[in-house]
1. Which semi-axes, in whole Å and largest first, does the equivalent ellipsoid of chain B have when worked out from the alpha carbon gyration tensor as the square roots of 5 times its eigenvalues?
2. Please list log₁₀ I(q)/I(0) at q = 0.14, 0.20 Å⁻¹ for the stretch A:1-115, using the Debye equation with identical point scatterers on the alpha-carbon positions.
3. Grab every C-alpha pair in the stretch B:53-124, bin the distances at 10 angstrom width from 0 up to the longest one, and report whole percents.
4. With the crude spin-label approximation of a point 7 Å out along Cα→Cβ, what separation in nm comes out for A:S275 versus B:S257?
5. Once the dipole of the protein assembly as shown is set up with Lys and Arg at +1 and Asp and Glu at -1 on Cβ about the Cα centre, which of A:G162, B:V277, B:T54 lies farthest towards its positive end?
6. Over the Cα atoms of the protein assembly as shown, Rg to Rh with Kirkwood Rh, two decimal places?
7. Any chance you could tell me what percent of the C-alpha pair distances in the stretch A:144-231 go past 19 Å?
8. Across peptide A:124-137, how many C-beta atoms of other chains are within 10 Å of each residue C-beta, on average?
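The values are calculated or read from the model by the stated rules, or taken from the named source; none is laboratory data. Remember, predicted model here, so these are calculated numbers, not experimental data. So basically every Cβ, Gly included, is an ideal-geometry build from the backbone, and we count neighbours across all protein chains shown. These area figures cover heavy atoms from the full protein model, side chains too; ligands, DNA and RNA do not enter into them. Shrake-Rupley method; radii C 1.70, N 1.55, O 1.52, S 1.80 Å.
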Amino acid sequence: MFDRATGDRQPASRTTEVEELARIARSLRRDVINLVAPTGQGYVQQGLGAADLFAVLYFSELRLDPLDPEWPDRDRFLLSTAHNTAIFYATLAARGLVACEAVHSYCGDGSPFEINASERVGTVIEATLGSLGQGLSVGIGMALAARRRHSQARTYVLLGDGELQEGQLWEAALFAGSARLSNLCLIVDDNRMQVEGHIDQVVTVAPIDAKFAAFGWAVETVDGHDISALLASLERARGEERPTCLVARTLAGKGVPSLEGLLAHNLKLPPTVASRALTELSQSAREGSR
Amino acid sequence: MIAENDRDSLEVLDFTARNASAAPAVKHYGEALVAAAQRDPRIVCLTADLTLPTETDLFRDTLPDRFHQIGIAEANMIGIAGGLARSGEIPFVHSFCVFATRRCYDQIAMQVAYPRANVKIVGVIPGLTTLLGVSHQAIDDLALMRALPNMTVIEPCGPGDVRAAVAAVAAHEGPVYLRLKRADGADESASAKSDFQIGRMQVLRRGADGVLVACGMMVAIALRAAETLACEGLSLTVVDMPTVKPLDPDLAELARSAPLVIVAENHSIIGGLGSAVAELLLEEGVHTGFRRIGVGDSFAEGGSTGYLFEKYGLSKRAIIDAVEDLRQRRRP
């Protein structure tokens, strides 16, 4: 058994098996469709696009204890784009951090599982974000607190590339680089999509990597669907003496060929489309298992 | 060109110190914060490039490992404070009142007020107390902070109150906005007042002809107005109301038999203490003559505090005029 008093505690089993993580990601994609289809409310394209990131983070990278969610030395995860909850809730349920049945109340009146994740769900949602641009600042606070306690806890912040248009993000980036917060890892879900379409048709944020590098961060650009590459990047981030920014290139709708590349910020899923999406995911699962 | 050896003799001011006596002023707030932090290791201090004016240089020099210089980035500072608080620390964040509230309102709402984070937002330079002008005048901060659910709003009125308020705020679980006048050397040394309690008013003098309610710098002015009126045969109750939210409900009973109630604050008459008192009295069925003393519905300008308080009606004269006007109206 692990020793709860030490920072070496390994609270829940984790895997670096690429095949297993890919299987989990496919399963999470099915959950996204199944969560959003009945109500037609939610973020499908973003969820499908980020499924590999969530699988790698929650089933390999993060040190968490489903039996003790408030363990002070746990790693923190903050979803700054708090609307991308279909994949988030699906992951929390799959990891045993919230009850599967509870997640099925998603979007229901009175349910704590709102479209934008909030602390109503409990401490498994580390902060109420979604007012865009705030997640990195909160993550910095958590990283500073961990540093003062000499805790091994690391803080991970996931945000969208469109969110980089918020000014507060750059205040935070400047500070984290200046403070050399090595226990902070930012992952930019670089799907090039925002409400009004392709990011370059609104306000260009590229080159993201050069901007963060100039702010004193370690930077890597990685294929957000290449699980072994993501694992390797996250491992390197743990060895850095600076904060790390991983620019993860993702494809909106990934895994459902008929939806891939469709830049739809809030996509409704009529039953026929949902059913076809599930079929396509099953086909890709068969292909993936070959 | 200034010769190198002449530079040391030049006086460096930051435009918010109002006179030369400000430099050696007793830092009541800064000392009280350090004392609280020495009692409670969870307390940490954040500043946004305003260490000296917020008196947090004492904290920086005494407890450097618990001091965070965030730079000129108030929104980021509030977000960081939210993260620190969720990790069990008690952040005291500091800036001028305007930048600590209006500039980062959404961040305060989401990262401090909604989660009831144990963050203390401390602002200096309240209302019309700056030469710098409209950019630095906080005339809406009490209104903004009052509007946030879960937020406690406190404006103490003197050094003893300030020291007591810091101890009370540190012991209070939850978000607080603490609005302070900057130490300017005019204050005597003082120890913490023993009767300070969050949410409780203090009756400073009693009289049957009306009630003056004030917070912060207007308390002393209300007392002077009451003294002047006493010479004219009018006896007024003066109430120090350091907690603007939650407002002490006992005020309703105190005001019930009063022929007039006047509320004075160094803030807009909209949304601050005056509004809070009006809401309480009307909802409690207290019908009385009522006036708000404060900045009218306008922005102001830079100037000395004395000049601005006279020009914008935050004066003893304005309070006396309001008393006389209300008494005139009551006559048949």
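1. Over the Cα atoms of chain B, the ellipsoid semi-axes are 34, 24, 18 Å.
2. For the requested q values the scattering log ratios are -0.59, -1.09.
3. Bins of 10 Å from zero give 21, 55, 23, 1 percent of pairs.
4. For A:S275 paired with B:S257, the spin-label model returns 7.9 nm.
5. Farthest towards the positive pole: B:V277.
6. Answer for the protein assembly as shown: 1.05.
7. So the portion of pairs separated by more than 19 Å is 45 percent.
8. Counting other chains' Cβ atoms within 10 Å and averaging over A:124-137 gives 5.
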